[in-house]
Amino acid sequence: MPAAIDIAPVTPHSERPYFTPDSGHPAPMDSSVSRPYNLARRFPWKISFYQMSSPFWISRYKRWAYLGIGWFFFGLGLVGAFLPILPTTPLMIIALWAFSKSSDRFQHWLYNHSVFGPPIQRWHKFRVISAAAKIAAIGSMAASISYLVIFTTIPLPVLLITGGVMLAGAWYILSKPSEAPTETPNRS
């Protein structure tokens, strides 16, 4: 004779606990509860978003979305390693950010990569942009704005906005150090 299966009784929907904003503790079911939770108890379809714990599939889809974003920017950065128009390190930093939200394994892999890892690590630790990268970035911006001025018929406001954005980018790049600080021994 088969063993009896123990089935837990189903709790009616009106008696199920609702979750507080810290989403760990059920709200008490008495009249001393603050107004939003009383409303949530009486009208379960009116629970606000912050009172609900997120379903398992949302975090799973977010994880896959971040993983896709990470691989997309890694692919762009890989192309940028061979084409001078795409900046490799900023794209790899975006990929690292997306991997940090989705996969510890891929984050660790990219951060410690033999080719792409050292610039990312220097940026992460010291906010350093190498001199070669600065020269390439400023040179490509100068070439781009020169091309726009000489060979195109862009309206002046668009040209000024483009030049202003490039100038702001150049200022940011030049404001960062070119080398990591060297540690000097403490002579006290």
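Values for this structure:
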quantity	calculated
Enumeration of residues in region 68-125 that are in contact with a helix residue (DSSP H, G or I) (Cβ under 7 Å, 6 or more places away or on another chain), part of a helix (DSSP H, G or I), more than 22 Å from Ala136 (Cα to Cα) and in contact (Cβ under 8 Å) with a residue 24 or more places away in the chain	Ile69, Gly70, Leu96, Ala98, Phe99, Lys101, Ser102, Phe106, Leu110
Matching residues, region 129-154, being among the charged types (D, E, K, R) and within 10 Å of Met166 (Cβ to Cβ)	none
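Every read-out reported here was derived from the displayed coordinates using simple, explicitly stated rules and does not represent laboratory data. Everything quoted here is computed from the prediction, not taken from an experiment. FYI the Cβ positions are ideal-geometry reconstructions off the backbone, even for glycines, and counts take in every protein chain you see.
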